[in-house]
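The values are calculated or read from the model by the stated rules, or taken from the named source; none is laboratory data. This is a predicted model, so every value here is computed, not measured. Backbone-built Cβ (ideal geometry, glycine too); neighbour counts: all protein chains shown. Surface areas here come from the heavy atoms of the whole protein model, side chains and all, with no ligands, DNA or RNA. Shrake-Rupley method; radii C 1.70, N 1.55, O 1.52, S 1.80 Å.
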Amino acid sequence: MSMSSDAKSIRILAVDDHALLREGIAGLVSDQPDMKIVAEASNGREAIEQFRKHNPDITLIDLQMPEMNGIDAMIAVRSEFPDARFIVLTTYSGDVQVSRALKAGARAFLLKSLLRKELLDTIRAVHAGQKRIPSDVAAKLADHIADDLLTVREIEVLRLIASGNANKLIADRLSITEETVKGHVKNILSKLGAHDRTHAVTIGLKRGIIEL
């Protein structure tokens, strides 16, 4: 009898570098007849190994982890298992990585502060094929995009800065004046809230605006 109920249960992999959080998730799930934790991991590398071993229905994953972060782990898993379903656990609703997590294949976001209230519903919804983005996460995402959208030309300039080009070279490459390049750099710094060119490149890479 237990075999048949087992076959129907939603199999979950819990990935977070805080053991306490994983215990909390396990506690919430253990009382549910329709779901069970099949494996745990404390960083992205372990997550990939455990996913290969157990092929869970749902993976709960934190973004900020040592060794390998959640976004890189999701990308790696989905290159092997395109149907993998991820629910991202996050502490902050304004996370600039939300859009990258969506691109990496996240189906839902769960604020850790609302875990007790919303975890089980979210797991069932994603298992049923739905997507869940809390309204405040969606609103912050929209705000952020509106605030900091770099123009296509500014992204080009930022890419050239990242490749180590000085303003004069950038001006030559884009057939514009050096003054115009300086104007673009000023806009980039202000839109990204960066102190200098190096900081702008760091932010650009972290937010996925440019890639090296």
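The numbered conditions (1) open to solvent by 10 Å² or more (accessible area, probe 1.4 Å); (2) in a helix (DSSP H, G or I) are all true for residue 125 except (1).
I'd like to verify a number: residues in the stretch 138-165 that are outside any loop (DSSP other than H, G, I, E, B), buried (at least 17 other Cβ atoms within 10 Å of the Cβ) and at pLDDT 75 or above, how many? Even if it seems obvious, please write down each step before you answer.
Taking the stretch 138-165 and keeping what is outside any loop (DSSP other than H, G, I, E, B), we get 138-148, 152-162.
Narrowing further to those that are buried (at least 17 other Cβ atoms within 10 Å of the Cβ): 140-141, 154, 157-162.
After this cut, where a residue has to be at pLDDT 75 or above as well, the list is 154, 157-162.
Qualifying residue count for the region: 7.
Please work out if residue 83 is within 18 Å of the chain's Cα centre (by Cα), over 16 Å from residue 18 (Cα atoms), surrounded by fewer than 16 Cβ atoms within 10 Å (Cβ to Cβ) and of a type in the set (Asp, Glu). When the stated conditions are applied, residue 83 passes them. For the stretch 36-120, the helices (runs of 4 or more DSSP H) that sit wholly inside it and include 3 or more residues that are among the aliphatic types (A, V, I, L, M) and in contact (Cβ under 8 Å) with a residue 12 or more places away in the chain are 70-80, 98-104.
Note on the stretch 166-212: among residues that are touching a residue at least 24 places away in the same chain (Cβ under 8 Å), basic (Lys, Arg) and assigned to a helix (DSSP H, G or I), the one that is least open to solvent (accessible area, probe 1.4 Å) is 191.
Only residues that are farther than 16 Å from residue 35 by Cβ and surrounded by fewer than 22 Cβ atoms within 10 Å (Cβ to Cβ) were counted across the stretch 107-122, and they come to 5.
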